Structures are given as C-alpha cells and as structure tokens.
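A.B. asks: My questions will all concern the structure given below.
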C-alpha cells in the first residue's frame with residue numbers, strides 16, 4: 001500500500017470523514033467542512049507527508065524532538081499545524097494517533113461522542 005492509500009484508509013475510517021482535492025492534493029474533512037488532514041506530495045518542498053492541526057504545543061515539541069520526521073508546514077504551520085513525513089520509516093499506529101488527535105480538534109461534539117462510544121464497544 002502506498003503512503004497515500006494508508007493515510008486515506010486511516011482518515012476515512014473516522015465518522016463522517018470525506019475526501020476531496022484541496023490545493024490539488026487529497027484532503028480529508030469532517031462532514032465535508034473542516035479539514036483535519038491534507039496530503040502533501042512534494043507540496044512546496046521535496047517531502048512526502050501530510051499536514052494536520054495539532055494540539056497546542058505539539059508542533060514545537062515534535063519538530064524539536066524529531067525534525068527528520070516532523071516539520072512546520074508552510075501556510076498553516078503558523079496556526080500550530082504539524083507536518084508529518086511519510087517518505088521516511090513510518091509507524092502507522094503513530095500516524096493513526098496523530099490523525100485521530102487532528103480529527104478530535106475539529107469534529108463536533110456529537111461525532112466525538114459517537115467515536116468514543118464505538119471505541120468502548
């Protein structure tokens with residue numbers, strides 16, 4: 001499976017997640033409105049990865065600790081978004097956790113309750 005296919009599978013498994021192109025790259029939205037992940041295939045640099053919103057402080061912590069895996073993406077990095085490389089050795093469980101955190105930052109409470117209920121069953 002390619003990195004895009006793996007990322008797509010993770011994103012589309014979340015409640016009411018949809019995919020469409022944004023800036024000529026696949027992007028995933030909650031209810032077709034709020035972006036929680038954007039694929040970045042050498043988008044303004046030579047990296048293959050994705051961008052997503054991150055909890056406060058996470059961008060600085062991760063980029064500082066592992067700059068070979070995480071970066072501050074153009075445009076949205078100033079808003080705390082995280083760039084995650086997919087062209088290096090990838091831990092897909094970690095990627096799923098990062099995507100879930102991003103989803104939780106933008107999803108409405110009703111969908112978060114649905115997600116939590118599904119995890120408990």
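A.B. asks: Could you pull out the residue among 40, 118 that is assigned to a helix (DSSP H, G or I) and under 21 Å from residue 9 (Cβ atoms)?
C.D. replies: 118
A.B. asks: Please go through segment 13-23 and pick out each residue that is assigned to a loop (DSSP other than H, G, I, E, B) and loosely packed, with under 14 Cβ neighbours inside 10 Å.
C.D. replies: Result: 13, 23.
A.B. asks: Now, a different point. Please tell me if residue 47 is over 10 Å from the mean Cα position of the chain (by Cα) and in contact (Cβ under 8 Å) with a residue 24 or more places away in the chain.
C.D. replies: Answer is yes for this residue.
A.B. asks: With the structure loaded, tell me whether residue 19 is within 29 Å of residue 109 (Cα to Cα), out of contact with any helix residue (DSSP H, G or I) (no Cβ under 6 Å at 6 or more places or on another chain) and at pLDDT 95 or above or whether it fails that test.
C.D. replies: So residue 19 passes the test.
A.B. asks: Now, a different point. Among the residues of segment 73-84, is any modelled with pLDDT of 95 or more and closer than 19 Å to residue 9 by Cα?
C.D. replies: Yes, segment 73-84 has at least one match.
A.B. asks: Has segment 50-71 got any residue that is more than 17 Å from residue 3 (Cβ to Cβ), in a loop (DSSP other than H, G, I, E, B), touching a residue at least 60 places away in the same chain (Cβ under 8 Å) and touching a strand residue (DSSP E or B) at 6+ places or on another chain (Cβ under 6 Å)?
C.D. replies: Taking every residue of segment 50-71 in turn, none turns out to be more than 17 Å from residue 3 (Cβ to Cβ), in a loop (DSSP other than H, G, I, E, B), touching a residue at least 60 places away in the same chain (Cβ under 8 Å) and touching a strand residue (DSSP E or B) at 6+ places or on another chain (Cβ under 6 Å).
A.B. asks: Going by what's in this entry, would residue 26 be described as assigned to a loop (DSSP other than H, G, I, E, B) and either crowded, with 18+ Cβ neighbours inside 10 Å or touching a residue at least 24 places away in the same chain (Cβ under 8 Å) (or both)?
C.D. replies: No.
A.B. asks: Within segment 32-51, can you find the residues that are touching a helix residue (DSSP H, G or I) at 6+ places or on another chain (Cβ under 8 Å) and surrounded by fewer than 20 Cβ atoms within 10 Å (Cβ to Cβ)?
C.D. replies: Listed by number, the residues that qualify are 34, 35, 41, 48.
A.B. asks: Next question, about the same structure. Going through segment 79-114 one residue at a time, which ones are surrounded by fewer than 17 Cβ atoms within 10 Å (Cβ to Cβ), more than 16 Å from the chain's Cα centre (by Cα) and part of a helix (DSSP H, G or I)?
C.D. replies: Within segment 79-114, 109, 110, 112, 113, 114 meet the criteria.
A.B. asks: Could you please let me know if residue 54 is touching a helix residue (DSSP H, G or I) at 6+ places or on another chain (Cβ under 9 Å) and crowded, with 19+ Cβ neighbours inside 10 Å?
C.D. replies: When the stated conditions are applied, residue 54 passes them.
The values are calculated or read from the model by the stated rules, or taken from the named source; none is laboratory data. Bear in mind that the values here come from a model prediction, so they are computed numbers and not experimental data. Backbone-built Cβ (ideal geometry, glycine too); neighbour counts: all protein chains shown.
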